[in-house]
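First up is the structure itself, then whatever we jot down about it.
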Amino acid sequence: MSFFGGLKKNAERGRQQVLKDERRLKSSRFNGRMAFSIMFWLVLAGVIFFSFQSWARTGFLNEKVNGYQDKAAAQIASLNEVGFANSPAGETYANQFIDTYINISNDEKEREKRAKELQSILAEGLKVGALENLTEFHGKRVLKSASLYDVKNVNEDSASYVYAIEYELFKVTEEKEQVEVKKKNEEGKEEVVKEEKVTMKDESLGVKEQMIVVRLGTDGNSFNVIEQPYYQALPSETRITAVQDPIDPSKKNVKMEDEMQQFATQFFTSYTTNSIQEMSYLMENPESIKDLYEYKGLEDFVVYDGDKEGQYIVKTLVLLQETNTGLQTKHPFTLVVSKENNKFYVQEFKHTLGG
């Protein structure tokens, strides 16, 4: 090989080595930049993802907390509106007081026991002596019945319980009589002597009916009677007009009475024999009294024109007999009936003549 040929060959090898090193360097630079970019975007995506999760969790927790707060606020508002003193516990306590207060024994020990029980029911500062004076009462009082009539003057921590009560008063008198008893004399022989025997006799002074008002107070945990109870006369009897058919009689449809009465008979027979599911084919909101009553007939049957064409309003008293007994009762009904697919269908079913 010539000198120039060898030099050329060496130059070619050097050029190829340089190109190879440049490619390696470019590839190395490219790979490093790509790895950095991927890492950067992954970190950024992670930050965004966890930030979103944190925000969503915080929002969820806030919503839940707000829900609990709203529920608690509603419960507190309901408690304040009704009042703890207007609870069933208040009624029970008032019953206890009335039973203790109204019942008065003629026996001194029983009266002392009653006074202690009453004092435990009364509020601080209110004494039994401020309620009554029994020194001149030589008798007894017996509670026969007590029923809650009304709860009035209701506050958050107090309320007045109004009871209708019935009680009987008795006058207790001494009855003396001479009785014969056998006793031994000084000589040891039995002889009959007369002795005076004293017995206590209850004489009824009659039964009274009236109202009693008991004012209770509460601290949220327990109750006390906070004022002297007072009496009122029973409310006078009132006569309220019974529910009447309000529809104008001029709207009666006499022509449809026979047809509608036939349908009503079939309907109420089904009402007492079919299940609720079966009644859904006859009425909008199905009802049934199957196995409870038997259908026995109709009274005071009236048909009116409804608000729409082809609609009828039926008002009637239905005779229903309790199953396996002869007891019949009359039940008021109002039916709004329309015709669908050539069949009558009950759109509204009311247990009243006034609707």
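The values are calculated or read from the model by the stated rules, or taken from the named source; none is laboratory data. Remember, predicted model here, so these are calculated numbers, not experimental data. Cβ placement follows ideal geometry from the backbone for every residue including glycine, while neighbour counts extend to all protein chains displayed. Each accessible area value is taken on the protein alone, full model and side chains, heavy atoms only, with ligands, DNA and RNA left out. Shrake-Rupley method; radii C 1.70, N 1.55, O 1.52, S 1.80 Å.
Summary table below
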| item | result |
| --- | --- |
| Test: residue in the stretch 221-239 that is out of contact with any strand residue (DSSP E or B) (no Cβ under 6 Å at 6 or more places or on another chain), in contact (Cβ under 8 Å) with a residue 24 or more places away in the chain and open to solvent by 90 Å² or more (accessible area, probe 1.4 Å) | no |
| Within the stretch 97-115, tally of residues that are within 20 Å of residue 202 (Cβ to Cβ) and surrounded by 14 or more Cβ atoms within 10 Å (Cβ to Cβ) | 7 |
| Selection count where residues are without any contact (Cβ under 8 Å) to a residue 40 or more places away in the chain, in contact with a Ser or Thr (Cβ under 7 Å, 6 or more places away or on another chain) and within 17 Å of residue 263 (Cβ to Cβ), scope the stretch 279-298 | 4 |
| Sole residue being farther than 30 Å from residue 106 by Cβ, modelled with pLDDT under 90 and either assigned to a strand (DSSP E or B) or assigned by the TED database to the domain that holds residue 107 (or both), chosen from 183, 176, 197 | 183 |
| Yes/no for residue 293 being open to solvent by 50 Å² or more (accessible area, probe 1.4 Å) and among the hydroxyl-bearing types (Ser, Thr, Tyr) | yes |
| One residue from 211, 279, 256 being within 30 Å of residue 119 (Cα to Cα) and surrounded by 12 or more Cβ atoms within 10 Å (Cβ to Cβ) | 211 |
| Hits in the stretch 116-157 - residues which are surrounded by 12 or more Cβ atoms within 10 Å (Cβ to Cβ) and either among the acidic types (Asp, Glu) or not assigned by the TED database to the domain that holds residue 215 (or both) | 117, 132, 150, 156, 157 |
| Close pairs from the stretch 81-97: first of a type in the set (Asp, Glu), partner modelled with pLDDT of 90 or more and buried (at least 16 other Cβ atoms within 10 Å of the Cβ), Cβ under 7 Å, at least 6 apart | 91/161 |
| Single unsatisfied condition, residue 347 versus (1) at pLDDT 90 or above; (2) open to solvent by less than 70 Å² (accessible area, probe 1.4 Å); (3) over 34 Å from the mean Cα position of the chain (by Cα) | (3) |
| Any pair with Cβ under 9 angstrom, 6 or more apart, that starts in the stretch 117-141 at a residue that is without any contact (Cβ under 8 Å) to a residue 24 or more places away in the chain and on the phi > 0 side of the Ramachandran plot and ends at one that is open to solvent by 40 Å² or more (accessible area, probe 1.4 Å) and assigned to a loop (DSSP other than H, G, I, E, B) | none |
